[in-house]
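I have placed the structure first, in the form of structure tokens, so that the comments after it can refer back to it.
Nothing in this text is a laboratory measurement; each read-out follows from the coordinates by a stated rule. All of these numbers come straight from a predicted model, not from anything done at the bench. So basically every Cβ, Gly included, is an ideal-geometry build from the backbone, and we count neighbours across all protein chains shown.
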Amino acid sequence: MSYMTKDPSGTLASALAGQINKNGYAVIEDYVDLAELRDAQAFVVKSIADNNGGYVGFSGTERLGNTFLADLPKNPNFLALCHGIYESEVGKPAPNVGFYQILRCLSGGAAKKHSMRFHFDSYVLTALIPITVPDHGNPGRLIIHPNSRGIRRTYLRNLVDKVLVDNRLSQALFNALYRRGSKRVIRLSLKPGNLYFFWGYRSLHTNEPCDADAIRATALLHYADPHADSWIKQKLRRH
Ligand SMILES: O=C(O)CCC(=O)C(=O)O
Ligand SMILES: [Fe+2]
């Protein structure tokens, strides 16, 4: 299956939503065409080299060159799939909004700084495509506490969660749970070119680092902010 695959009846989308609920994530194997994956990998290698071997992040599609990632958020089949997954879970029409897209290229000494920071995303559905995984040392897995909270009714309630999570004590606790090998924590080894889905808003998650001389690159497409219309959010964002 690839981004050419159509899902007119939404059967695939609802099956994926069911898997996310049951297993904490869903995966479509080999979603990306191999030649396009190779191009994106070369783009990552070059971007890191241009930055003297350090971390690079791209938000949006503008600087993604000719890679498949520049076109993916407009791909009708990919869009329909994300909308379908959203609708089968939330039970409301999928909002006609774009993705919050990032390409994270971890390498060098700063790879650690961009890792092991547990968080909730601001968006309901997270689509993740690994581009490059470390070929030695730390495997750079994705760590997920699946579906650890519901979708909050208000933006303020959501902010309370963020404050409770984003402090040293809580982070130390989540890290301890991870190190202890708690069964409830998913440690997902990523395969380049696969497409992974999880409820980023509902699931506390983070990524393992990679060694300084390795590369770990992931593309993330975040969809649907439940608090986009919140008056308070708009006020806070403006200042
Ligand atoms: O790079 C990853 O595997 C996860 C990154 C992430 O959770 C995010 O950017 O929101
Ligand atoms: Fe995230």
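Backbone phi angles across the range 84-91, fed through the Karplus curve with coefficients 6.51, -1.76 and 1.60 (θ = phi - 60°), yield HN-Hα couplings of x, 5, 4, 5, 5, 8, 7, x Hz in residue order; Gly and Pro are listed as x.
When the chain is treated as a Gaussian network with alpha carbon springs shorter than 10 Å, the biggest mean-square fluctuation among Gly84, Gly140, Gly109 belongs to Gly109.
Just so you know, the averaged projected area of the alpha carbon convex hull for the chain sits at 13.3 nm².
Looking at the range 1-64, the GluC sites (Glu not before Pro) that sit in a DSSP loop and have at most 16 other Cβ atoms within 10 Å of their own Cβ are Glu29, Glu62. Listed by chain and number, the lysines whose alpha-carbon sits under 23 Å from that of Lys112, ignoring those within fewer than 8 places in the same chain, are Lys46, Lys162, Lys191.
Can you give the helix-only mean residue ellipticity at 222 nm for the chain, where every DSSP H stretch with n ≥ 4 adds -39500 (n - 2.57) and the sum goes over all residues, rounded to the nearest 500 deg cm²/dmol?
Numbers: 7 runs with 81 residues, N = 239.
Helix contribution divided over all residues of the chain: -10500 deg cm²/dmol.
The alpha-carbon of Lys183 sits under 17 angstrom from the alpha-carbons of these lysines, leaving out residues fewer than 8 places away in its chain: Lys22.
Out of the range 80-151, which trypsin sites (Lys or Arg not before Pro) are coil in DSSP terms and have no more than 14 other C-beta atoms within 10 Å? Provide the component values of the computation, followed by the final result.
Details: sites: Arg104, Lys112, Lys113, Arg117, Arg141, Arg149; in loops: Lys112, Lys113, Arg117, Arg141, Arg149.
Answer in residue order: Lys113, Arg117.
What base-10 log of the normalised intensity I(q)/I(0) is obtained for the range 64-136 from the Debye formula, alpha carbons as equal point scatterers, at q = 0.25, 0.27 Å⁻¹? After summing over all Cα pairs, the log10 values are -1.28, -1.37. Based on alpha-carbon atoms, the Kirkwood radius and the radius of gyration of the range 124-225 give Rg/Rh equal to 0.98.
Can you give the translational diffusion coefficient of the range 100-166 in µm²/s, computed by Stokes-Einstein from the Kirkwood radius over Cα pairs at 10 °C and 1.306 mPa s? Each step should come with its number before you reach the end.
Values: Rh = 14.4 Å.
Rounded, D is 110 µm²/s.
Working value for the range 1-90: equivalent-ellipsoid semi-axes of 29, 15, 12 Å, each the square root of 5 times a Cα gyration tensor eigenvalue, largest first.
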